[in-house]
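Remarks on the structure that follows.
The values are calculated or read from the model by the stated rules, or taken from the named source; none is laboratory data. All values reported here derive from a predicted model rather than from experimental measurement. No Cβ is skipped: glycine too gets one built from the backbone with ideal geometry, and neighbour counts run over all protein chains shown. With ligands, DNA and RNA removed, areas are computed over all heavy atoms of the protein, side chains included. Shrake-Rupley method; radii C 1.70, N 1.55, O 1.52, S 1.80 Å.
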Amino acid sequence: WSSDVCSSDLIDKGGNIILMQIENEYGYYGKDMSYMHFLEGLMREGGITVPFVTSDGPWGKMFIHGQCNGALPTGNFGSHARPLFANMKRMMKKTGNRGPLMCMEFWIGWFDAWGNKEHKTSKLKRNIKDLNYMLKKGNVNFYMFHGGTNFGFMNGSNYFTKLTPDTTSYDYDAPLSEDGKITEKYRVFQSIIKKYRNFEEMPLSTKIEQKAYGKVKAGKSVKLFDILDTLAAVKNSSSEKLTGMEASGQDYGYILYKTKARTDSKTLKIEDGLDRIHEFKNGELKTVLFDKETSKPVELPLASGDELTLLVENLGRVNFATKIPFQRKGILGRVLADEKPLTDWTFYNLNLDKTQLSKIDWNKADEGIAGTEKITSPSFTRFSLMVDKACDTYLDFTGW
């Protein structure tokens, strides 16, 4: 629900909004009916007059816990419409809800996550069978109908048995692709819908063109460690526990911590570090830790006076199920060398927004680095190309 919705947008006031959804998949998270009713009342106070719906997985407690009296329960699923519609019908009868069956999120694809070996796609034959059944017995809303793109660091993540950060692409194997092309799935779905509802063809005005611009040569490259003080203000922490992103006023990007060892040690252990950590000794990369690995001790010998640098990446916050309240990034606990906490830390908030990136001092560039040898230090590299005609294109980061 957006505060931008006004009464003229509603179907009973001449607009095109036919339903309003209270929360989203709340049944996976909790079962606070007073919270759901509070949201319902807030929306009514805001002038919403169309019917309300809730939207949850149609499996047992999740479906029931997410309901709100007076709102039509709908289900989210990607296949097996026949048994799931039957299950929804049983549970709606059990909770006293009457109304049409609806799949609010018909998952016709899935997220691509870093680490997937291939682009996630659906089985079109299965989609066809389910869509036909739902149009005969109820109602359906596609998720996603049009693929999209997550820009910058706004990708988000999922967490079931492990952290799965979404990629920048949110194509989702949707009927309309990420760059707006009509797919085979689009045409097949269109032909199925025509069996149940007449509609006029809508001409599409946008001409979509793609072009490959060939290889782009790397230009200057600047090492992060050479321009740290130019990019961000240095902050100090004398506490044994480090300061995370949120506590230091940062939302996205990276956070970098530095200290010097006072005594010799053999192992290093990080308490409560999220999500991906590069560990450097005297500027040299020693190891990279991800997700559950970050809490395990690693062999990293330090001598008194050695500089330890920890570059921590926020890979995207989880916005689904019971992990929502625990979305903090950076290092929130202690860093232990042979079980003894390191102190006297300095740290830098590297959100890498437009303002911060404009501060890169390219005069400190190493001309011999880019394009001639493997870069082992965190760096910024500049590329440039001439484009004779602006078309859609993609960057291939193979080998990065």
Quiz item: LYS217: which aspartates and glutamates have alpha carbons under 19 Å from its alpha carbon, excluding same-chain residues fewer than 8 sequence positions away?
Solution: ASP366, GLU367, GLU373, ASP388, ASP396
Quiz item: Dipole of region 205-310 (Lys/Arg Cβ +1, Asp/Glu Cβ -1, origin at the Cα centre): which of ILE227, ILE277, SER295 lies farthest to the positive side?
Solution: ILE227
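Rounded to the nearest 0.05, what FRET efficiency do VAL288 and GLU184 give with R0 = 45 Å and r taken as the Cβ-Cβ distance? Could you check? Before the final figure, lay out the partial values.
Numbers: r = 40 Å, r/R0 = 0.89.
The value I calculate is 0.65.
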Self-check item: Angle between the chain longest axis and helix 184-194 axis [Cα atoms, degrees, rounded to 10]
Solution: 20
Self-check item: Å² of accessible area per residue within region 119-249, as computed with a 1.4 Å probe and no ligands counted
Solution: 63
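Test of understanding: given the chain, find the longest segment containing no GluC sites (Glu not before Pro) that are in a DSSP loop and have at most 11 other Cβ atoms within 10 Å. Write down the numbers at each step before the final one.
Working: sites that count: GLU118, GLU200, GLU201, GLU209, GLU339, GLU367, GLU373.
Excluding the exposed sites themselves, the longest stretch runs over 210-338.
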Quiz item: Can you give the angle from 0 to 90° between the axis of helix 124-137 and the longest principal axis of the chain, with both taken from C-alpha atoms, to the nearest 10?
Solution: 40
Quiz item: If you count the DSSP beta bridges with both ends in the chain, what percent of them are antiparallel, to the nearest 5?
Solution: 75
Exercise. Among ILE108, SER79, HIS119, flag the residue with its Cα farthest along the positive direction of the charge dipole of region 37-124, charges on Cβ as +1 for Lys/Arg and -1 for Asp/Glu.
Key: SER79
Self-check item: Dipole of region 252-355, positive direction: furthest Cα of THR267, GLY316, LEU352, with charges on the beta-carbon
Solution: GLY316
Self-check item: Total charge dipole magnitude, the chain, about the Cα centre, Cβ charges on Lys, Arg, Asp, Glu only, Debye to nearest 20
Solution: 1660
Practice problem: Sort out for me the Cα centre separation of region 47-108 from region 192-261, rounded to whole Å. | Solution: 36
Quiz item: Counting pairs of alpha carbon atoms under 8 Å apart in space and at least six apart in sequence, what relative contact order in percent does region 263-358 give?
Solution: 36
Self-check item: Difference of contour (0.36 nm per residue) and Cα-Cα distance, LEU42 to GLU271
Solution: 78.3 nm
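Starting from the eigenvalues of the Cα gyration tensor, five times each then square-rooted, give me the equivalent ellipsoid semi-axes of the chain, largest first, whole Å. Can you show the working numbers first?
On the way: eigenvalues 433, 165, 76 Å².
Working through the eigenvalues yields semi-axes of 47, 29, 19 Å.
Taking R0 as 35 Å, what's the FRET efficiency between LYS340 and ASN116 from their Cβ-Cβ distance, rounded to 0.05?
Details: r = 40 Å, r/R0 = 1.14.
FRET efficiency, LYS340 to ASN116: 0.30.
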Quiz item: In what sequence, largest accessible area first, do LYS260, LYS323, LYS207 appear using a 1.4 Å probe?
Solution: LYS207, LYS260, LYS323
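For THR294, THR168, THR121, give the ranking by accessible area with the largest first, probe 1.4 Å. Write out the running numbers ahead of the final one.
Values: THR294 5, THR168 65, THR121 90 Å².
I get THR121, THR168, THR294, largest accessible area first.
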Quiz item: Dipole size in debye (nearest 20) for region 23-179 around its Cα centre, Lys and Arg Cβ +1, Asp and Glu Cβ -1?
Solution: 1120
Self-check item: Computed over the chain: relative contact order in percent, which uses C-alpha pairs under 8 Å that are six or more apart
Solution: 15
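Give me the Kirkwood hydrodynamic radius of region 14-141, using the inverse of the mean 1/r over all pairs of distinct Cα atoms, in Å to one decimal. Please list the in-between numbers first.
Working: mean 1/r = 0.0637 Å⁻¹.
The answer is 15.7 Å.
Report in % the part of the accessible area of region 3-136 that belongs to carbon and sulfur, leaving out ligands and nucleic acids; probe 1.4 Å. Mind showing how you got there, number by number?
On the way: 4080 of 7340 Å².
About 56 percent, which is the carbon plus sulfur part of the accessible surface.
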Practice problem: List, in the order given, every pair from LYS258/LYS359; LYS31/LYS329; LYS296/LYS354; LYS123/LYS195; LYS89/LYS117; LYS162/LYS258 whose Cα-Cα distance in the structure shown is over 30 Å. | Solution: LYS296/LYS354; LYS89/LYS117
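Largest first and in whole Å, what are the equivalent-ellipsoid semi-axes of region 248-395 based on the Cα gyration tensor, each being the root of 5 times an eigenvalue?
On the way: eigenvalues 194, 100, 39 Å².
The three semi-axes for region 248-395 are 31, 22, 14 Å.
Divide by every residue of the chain the summed helix terms, -39500 (n - 2.57) for each DSSP H run of at least 4, and state the resulting mean residue ellipticity at 222 nm, rounded to the nearest 500 deg cm²/dmol. The partial results should precede the final answer.
Details: 7 runs with 65 residues, N = 400.
Mean residue ellipticity at 222 nm (helix-derived): -4500 deg cm²/dmol.
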